[in-house]
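Student: One structure coming up, written as structure tokens, with questions to follow.
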Amino acid sequence: MTNADSALARLLIRVLCDTRPAGVADGAFLFAQTPDNQESVFVAAGQLLDANLVRRVMFVETPPMSGYPGFRAWQTALHGQGIGNLQIEGVTGVDPGILHTLIEAEAMVKFARDRNYRGLYVVSPPFHQPRAFMTAVTAALRHYPALKLYSQPGAPQPWEESVVHSQGRTRGSRFALIGGELDRIRKYSEKGDLASVGEVLAYLERRESQTA
């Protein structure tokens with residue numbers, strides 16, 4: 001195993017098994033998903049609220065786009081879980097046209113900065129969680145370094161089930177999608193669109209030292 005592979009493996013474990021902050025976080029940001037995968041983040045949202053770990057759940061306030069059913073559809077679905085409007089917050093500032101992980105992360109971080117939120121959970125299905133969390137940290141380092149982000153993977157779903165992912169354009173089993181996610185981490189890090197593994201690990205070390 002190369003040093004780079006070893007660092008990535010360490011980061012993946014930390015992201016999938018992150019610690020929780022003391023007290024109640026300002027919110028949990030749910031990354032947009034296709035209908036095939038949205039139940040994963042809905043379950044996690046309910047668990048975080050029921051345990052009084054967050055004040056609200058947040059997701060982008062857009063119409064249906066890029067495979068995401070849209071804010072109103074998700075709001076209605078969460079109402080069905082007993083989550084009321086006072087516990088739901090729409091993240092604004094997303095330009096219409098296309099939705100992807102970096103666009104969402106930047107909107108979330110700027111939204112949190114403008115409201116002086118100090119700590120948020122980041123929630124996405126397990127196969128997408130490492131890249132989603134890395135992208136959220138990337139946006140935080142660019143726009144709001146004081147924001148403390150915590151990783152909360154969504155609920156597991158059947159790994160061999162064939163699903164649609166990635167702006168509604170990629171299909172495969174959730175297990176097979178892991179490879180594509182790792183490829184994107186490497187590709188986007190090399191392009192500079194994603195913070196490096198070392199930068200994300202350093203962010204986590206700073207976050208822990210600031211809460212010790």
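Student: Would you be able to tell me the number of residues in region 1-44 that are of a type in the set (A, V, I, L, M), buried (at least 18 other Cβ atoms within 10 Å of the Cβ) and under 13 Å from the mean Cα position of the chain (by Cα)?
Tutor: 6
Student: Then there's this: Looking at (1) surrounded by fewer than 20 Cβ atoms within 10 Å (Cβ to Cβ); (2) closer than 20 Å to Ala7 by Cα; (3) touching a residue at least 60 places away in the same chain (Cβ under 8 Å); (4) not hydrophobic (A, V, I, L, M, F, W, C), find the lone condition where Ser196 falls short.
Tutor: The failed condition is (3).
Student: If you don't mind, another one. Output the number of residues of region 173-193 satisfying the condition of being under 25 Å from Trp159 (Cβ atoms), in contact (Cβ under 8 Å) with a residue 12 or more places away in the chain and acidic (Asp, Glu).
Tutor: Within region 173-193, residues that are under 25 Å from Trp159 (Cβ atoms), in contact (Cβ under 8 Å) with a residue 12 or more places away in the chain and acidic (Asp, Glu) number 1.
Student: Another question, then. For the list (1) more than 16 Å from the chain's Cα centre (by Cα); (2) touching a residue at least 24 places away in the same chain (Cβ under 8 Å); (3) exposed (fewer than 13 other Cβ atoms within 10 Å of the Cβ), I need the number of the one condition that Val164 fails.
Tutor: Condition not satisfied by Val164: (3).
Student: Another question about this same structure. Tally time: how many residues in region 85-127 are closer than 23 Å to Pro156 by Cα, out of contact with any Phe, Trp or Tyr (no Cβ under 7 Å at 6 or more places or on another chain) and either surrounded by 23 or more Cβ atoms within 10 Å (Cβ to Cβ) or without any contact (Cβ under 8 Å) to a residue 12 or more places away in the chain (or both)?
Tutor: Residues that pass the stated criteria total 3.
FYI, it's all coordinate maths here, none of it is from the lab. Everything quoted here is computed from the prediction, not taken from an experiment. In this analysis, Cβ positions are derived from the backbone assuming ideal geometry, glycine residues included, and neighbour counts consider all displayed protein chains.
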